[in-house]
1. Express in nm, to one decimal, how much length is gained between residue 111 and residue 49 on full extension, taking 0.36 nm for each residue of separation and deducting their alpha carbon distance.
2. Compute, for residue 217, the solvent-accessible surface of its heavy atoms (probe 1.4 Å) with the complete set of protein chains present, and express it in square angstrom to the nearest 10.
3. Within segment 58-108, which trypsin sites (Lys or Arg not before Pro) sit in a loop by DSSP and count at most 15 neighbouring Cβ atoms inside 10 Å?
4. In nm, give the distance between the simple-model label positions of residue 69 and residue 213, each being 7 Å from the Cα along the Cα-to-Cβ direction.
5. Using the Cα gyration tensor of segment 86-216, with a ≥ b ≥ c the square roots of its eigenvalues, what is the shape: rounded (a/c below 1.5), prolate (a/b larger than b/c) or oblate (neither)?
6. Going through the cross-link list 143/220; 49/85; 98/143; 112/212; 143/212; 136/213, which pairs have a Cα-Cα distance over 31 Å in this structure?
7. So how strong a dipole does segment 128-238 carry about its Cα centre when Lys and Arg Cβ are +1 and Asp and Glu Cβ are -1, to the nearest 20 debye?
8. State to the nearest 20 debye the size of the charge dipole of segment 186-248 about its Cα centre, where the only charges are +1 on K and R beta carbons and -1 on D and E beta carbons.
Amino acid sequence: MTDTQSARNVRKKKYQEEQKQGGIFRNLLDSLRFRGKKMGAVLGLVDTKLTPFQKKKLLHEFTVFFDLNKDGKLEWKDFDMAREKICEMSGWKPGTDKFIQTHELFVTIWRKLQDEGDENNDGLITAEEWLRMWQKFNEQCLKQASKADEVSYERKLPDWLEKYIRYKFDLFDRTGDGYLDCDEFEYVLGDFGVPARDARSAFLMISQNNEKKVDFEYYKDLCTDYFRSNDPSALGNFITGKLVFSDK
């Protein structure tokens, strides 16, 4: 072996060792970052207060998709109106299995929501109670952050919301093929007063210009972004068809 080849081998071996050590270091650093984030949650170093951006998103959902009679509070009447609208849109007649299942689903969601949000037990949930409910949920997730869980505390959802997300997906999925398309998205949001142009633009964003299939698991991730994330660039911010959350 020539001196030149030998020198190259030495440099190669040294480079490989450095890369190996660097990889170990990076893995350790990543581990410490994750543990630090987790420990920060346990020690209460993470701020659980809703940001102005989060409040805007939550209040938009409250006003447009929950408070259907627009009186500033939620009651069973709102849920019954939503149930009637869905059954009418879908052609589900009274007495059919779909009609009965929809009624049972809305009763379940309303009871769970009332248990968690109706602080004064008056049968109503005001916008203030709605935001306080989410604040308490943040705090609850933070307290449980030390427990082993596959889902991080900032990605957890209330039980009632899991059912609500399933309902919303099925509502959008007009053809029942397990995927949402732009026409379905525009049709359903239009019934809630969202302009067709905004709905189409929003769908292009969440579907990444129609390159990403919007199935239930992806839609659930998007919803989690909407309800839990404070990142203005998260794609889930557009699932309601609203493109900008401003003070106006």
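1. Extending this stretch completely gives an extra 19.8 nm.
2. Approximately 110 Å² for this residue.
3. 70
4. In this crude spin-label approximation the distance works out to 4.3 nm.
5. oblate
6. From 143/220; 49/85; 98/143; 112/212; 143/212; 136/213, over 31 Å: 49/85; 98/143; 112/212; 143/212; 136/213.
7. 360
8. Result for segment 186-248 is approximately 120 debye, rounded to the nearest 20.
The values are calculated or read from the model by the stated rules, or taken from the named source; none is laboratory data. Everything quoted here is computed from the prediction, not taken from an experiment. All Cβ positions, even for glycine, are placed from backbone atoms using ideal geometry, and neighbour counts span all protein chains on display. For accessibility, only protein heavy atoms count, side chains too; no ligands or nucleic acids. Shrake-Rupley method; radii C 1.70, N 1.55, O 1.52, S 1.80 Å.
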